[in-house]
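Coordinate-derived values only; no laboratory data. Computed from a predicted model, the values in this text were never measured in an experiment. With ideal geometry, Cβ positions are generated from the backbone for all residues, glycine too; neighbour counts draw on all protein chains shown.
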Amino acid sequence: MWVLSDTHFIADSLHDNGHKFKYMEATAASKDLKYGTVLLKSLVQKALKERPAAVIITGDVTFNGAKKSATQLAKIFKPLTDNQINFLVIPGNHDIYDGWARSFKGKHEYKTEQISPEDWHHIFKSSYENATSVDPASLSYTVQLNDQYQLLLLDTNKYSVGPATTAPYTSGTIRPATIKWLEQQLKEGQKKKGYGRLASPTTTFTNIVAAVSSAMSSKILPLCNDSLVNMTSNSTLPGIFMRKILLRIQQEDVQQSRY
């Protein structure tokens, strides 16, 4: 199982590699904007050879939430699903209704179409078609990867109800309705062989493996503590760090999880 985070992909059609784009690239915190297509296509070819059980992106899939970027990225990864390799995504705070969605031409930048939750479902429909359960209140879902592993992909982002005009939220939350859905998924997991526990980059998971898409604040950690997250109740983690500590599985478990 391969896990990526913060790909920050921008569609080739959204820039001309001109002055404004180069300025944005130079100030974009070491994001690989120009070579995104080449890098991701190379990753797909490697995955087709090694055949992991799944390739997962746990948020900030796009660079500032342009719909064209999500659409092109989905096309890049389509060979995986065409060859029976799961491709699973969950949005980050840069993906849904991001007021910074832009295209770049010459010395100028222009607003471009943002991604709505409905767009996300449609663009990444192969991820949701594999779901055993989809949360009606968010973009969270579960996937039964194989006989051993059930994946829980949890949308913990804050986003507006329509196109935004400001920067994306940097903190995260879990909606009350999503908490109820989450509790039900954990109960279903308990009925099987047990369930996983998240704690640190060295944690080994058993049956439920979770991918969290954004920051989990101190307000929601205690609600998950007994069932899913083994952290102190006053923990507050930034979104990028939270995403990168997840889904660390011992090598022998990775081998067993492959089809």
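Any aspartates and glutamates with Cα under 17 Å of the K20 Cα? List them, leaving off those in the same chain fewer than 8 positions away.
Within the straight-line cut-off, K20 pairs with D12, D32, E109.
With just the Cα atoms defining each centre, how far is the range 123-159 from the range 39-71? Give it in Å.
About 16 Å separates the Cα centre of the range 123-159 from the one of the range 39-71.
Using the structure shown, select from K49/K75; K49/K180; K67/K107; K78/K180 the pairs with a Cα to Cα distance greater than 30 angstrom.
Numbers: K49/K75 18 Å; K49/K180 40 Å; K67/K107 22 Å; K78/K180 33 Å.
Going by Cα-Cα distance, K49/K180; K78/K180 fall outside the 30 Å limit.
As an exercise, identify the GluC sites (Glu not before Pro) in the range 103-159 lying in DSSP coil whose Cβ has no more than 15 other Cβ atoms within 10 Å.
E113
Skipping prolines and chain starts, which residues have an amide H placed within reach, meaning under 5 Å, of the one on L4, given they are 5 or more residues away or on another chain?
Hits under the 5 Å cutoff: I56, I57, T58.
Which order do I10, I85, I174 fall in if you start with the one that has the fewest other Cβ atoms within 10 Å? Please report the intermediate quantities before stating the final value.
Values: I10 29, I85 21, I174 26.
Taking fewest neighbouring Cβ atoms as first place, the list is I85, I174, I10.
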